[in-house]
Amino acid sequence: MKSETVEYITAHSDELPTPLYLYSESALTEAVREYRKLFPENSRIFYSLKANPQPGIVRHMAGLGIGAEITGQGELEISRAAGSPCLLAGGVSKSEAFLTALYREQPAAVIIESATEWERLKKTAPNSARIPVLLRINPGRSFGGLNMAGGSQFGLSPDQALAVAEAACGSDTVDFLGLHFYFGSQRLDPDPILQALAAAEEVLSAFLEAGLKIRVVDLGLGCGVPYLERDTALDMSALGEQLRLVWQKDIWSSVKIWAEAGRALVAGAGCFIARVTERKRLHGKTFIFLDGGLNVHNPGVGLGRFFRGSPIFSFLPAAPGQDRETVSIVGNLCTSADCFAQDIEAPRLEEGDLVVINNAGAYCQTTALWGFNSQPRFHEALLSADGTLTMLEAQHGV
Ligand SMILES: Cc1ncc(COP(=O)(O)O)c(C=O)c1O
């Protein structure tokens, strides 16, 4: 968390509405700058709205010249309202209605995930304009982190993609741009990212050998973020150095690189703030109750790790030399699963104090259990570089 965010929370701890997601504008800008450095200079970057479709964040990304990677009608509308400079349309099982809506937006590309989508695209593509298309490849192998390649439902096999590409090259209504690779998320180690790129190179060279012209390769590297105490941050500068060697290879010299990312751009810029509503002693344990639990915050790693692990906390305002105690931090739901941390060390917390979870800008909000117990949902606010706080429109419709 940036020091100005800590200062702001500390100075305004009594009046901040909670539970609250607080995003730092300057941290968003820095994350974009760091992410851009991973790719050759003329690469195009897209923000994957699924990480956090908060309109204020999408507007900020648009202002930085970042396109929108969208997966459905809802994200399409958010990106349009935010003024995203260009649109990349992903997502599974696109309907004819969605495809037709997409054509009106003149997307940078529609990503085709299956033979059925390809049939739907051919059926609906207008004669008036050629629809730019990328084909999503599933190599049938997995590469660590949250796997979205081998064994998963996503993409086309290289053989299926080759057949679609050949058909697309002969079509008057489609402009075959190239390939899309997204093999998984939450990678905290460069190795699976580099292995995935090596697999992408294999497919790319098979396409080139088959005589297909590939103008664009869209890559989702799945760079991860440390959410839990036990996570170690991905070393972005080490990754950047290794990637620079990759881009120097001949195979990448003739293609334009696009990159799509979610959590790497927004997770570190957001924190989740909840207020202590009660401290309770029970059978020798101390429970700290918060005004929001798993209904408003999923510790961000994806549903596979829901309910597990302890996020990285800050306790504000922090007084030096405070006594520490062992506590369990729980939310306001009627399930014992609603527990952010079991038996962790924390300063003594009293009713009204704030508990802050760091690196909470991505997925934590949208994958929470909003309906549980009909508890109030969350507020969102953007802290600008000049220290102004702007409350943001709700993304959950209540
Ligand atoms: C196709 C695709 N692109 C991009 C993303 C964003 O991933 P991340 O947040 O890991 O950057 C995802 C996440 O599931 C995805 O499925």
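The values are calculated or read from the model by the stated rules, or taken from the named source; none is laboratory data. Computed from a prediction, not measured in an experiment: that's the story for all the values here. Neighbour counts are summed over all protein chains in view; Cβ atoms, including those assigned to glycine, are modelled from backbone coordinates with ideal geometry.
A few remarks follow.
- Test for L265: is it within 16 Å of the ligand (Cβ to nearest atom) and either of a type outside the set (K, R) or within 30 Å of E350 (Cα to Cα) (or both): yes
- In segment 219-254, residue nearest to the ligand (Cβ to nearest atom) [restricted to those that are over 14 Å from D189 (Cβ atoms) and under 16 Å from the mean Cα position of the chain (by Cα)]: G220
Results for (1) surrounded by fewer than 19 Cβ atoms within 10 Å (Cβ to Cβ); (2) at pLDDT below 95; (3) within 16 Å of the ligand (Cβ to nearest atom); (4) hydrophobic (A, V, I, L, M, F, W, C), shown as yes or no for each residue.
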residue: P299; (1), (2), (3), (4): no, yes, yes, no
residue: R308; (1), (2), (3), (4): yes, yes, no, no
residue: L333; (1), (2), (3), (4): yes, no, no, yes
residue: F340; (1), (2), (3), (4): no, yes, no, yes
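- Restricting attention to segment 38-73, the residues that are within 16 Å of the ligand (Cβ to nearest atom) and of a type in the set (D, E, K, R) total 3.
- Unmet criterion (only one of (1) surrounded by fewer than 17 Cβ atoms within 10 Å (Cβ to Cβ); (2) outside any loop (DSSP other than H, G, I, E, B)) for A161: (1)
- Members of segment 347-387 found to be among the polar types (S, T, N, Q) and either touching a Cys at 6+ places or on another chain (Cβ under 8 Å) or outside the structural domain of E325 (by TED's automatic domain parsing) (or both), listed by number: N358, N359, N373
- Some residue of segment 22-34 being in a loop (DSSP other than H, G, I, E, B), out of contact with any Asp or Glu (no Cβ under 9 Å at 6 or more places or on another chain) and either closer than 21 Å to G268 by Cα or modelled with pLDDT of 95 or more (or both): no
- Of the strands (runs of 3 or more DSSP E) lying entirely inside segment 58-148, the ones with 2 or more residues being of a type in the set (V, I, T) and modelled with pLDDT of 95 or more are found at 109-112, 131-136.
- Only one of the numbered conditions (1) in a helix (DSSP H, G or I); (2) closer than 19 Å to G144 by Cα is not met by L234, and that is (1).
- Filtered by the rule that a residue be in contact with a Gly (Cβ under 7 Å, 6 or more places away or on another chain) and assigned to a helix (DSSP H, G or I), segment 35-57 gives K50, A51.
- Restricted to segment 173-188, and to residues there that are at pLDDT below 95 and not in a strand (DSSP E or B), the residue that is nearest to V203 (Cα to Cα) is F183.
Table: residues versus (1) of a type in the set (K, R); (2) buried (at least 24 other Cβ atoms within 10 Å of the Cβ); (3) outside the structural domain of R324 (by TED's automatic domain parsing).
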{"residue": "I257", "(1), (2), (3)": "no, no, yes"}
{"residue": "A274", "(1), (2), (3)": "no, yes, no"}
{"residue": "R279", "(1), (2), (3)": "yes, no, no"}
{"residue": "L282", "(1), (2), (3)": "no, no, no"}
{"residue": "T286", "(1), (2), (3)": "no, no, no"}
{"residue": "L290", "(1), (2), (3)": "no, yes, no"}
{"residue": "L294", "(1), (2), (3)": "no, no, no"}
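- Tally, over segment 342-377, of residues that are within 16 Å of the ligand (Cβ to nearest atom) and of a type in the set (S, T, N, Q): 4
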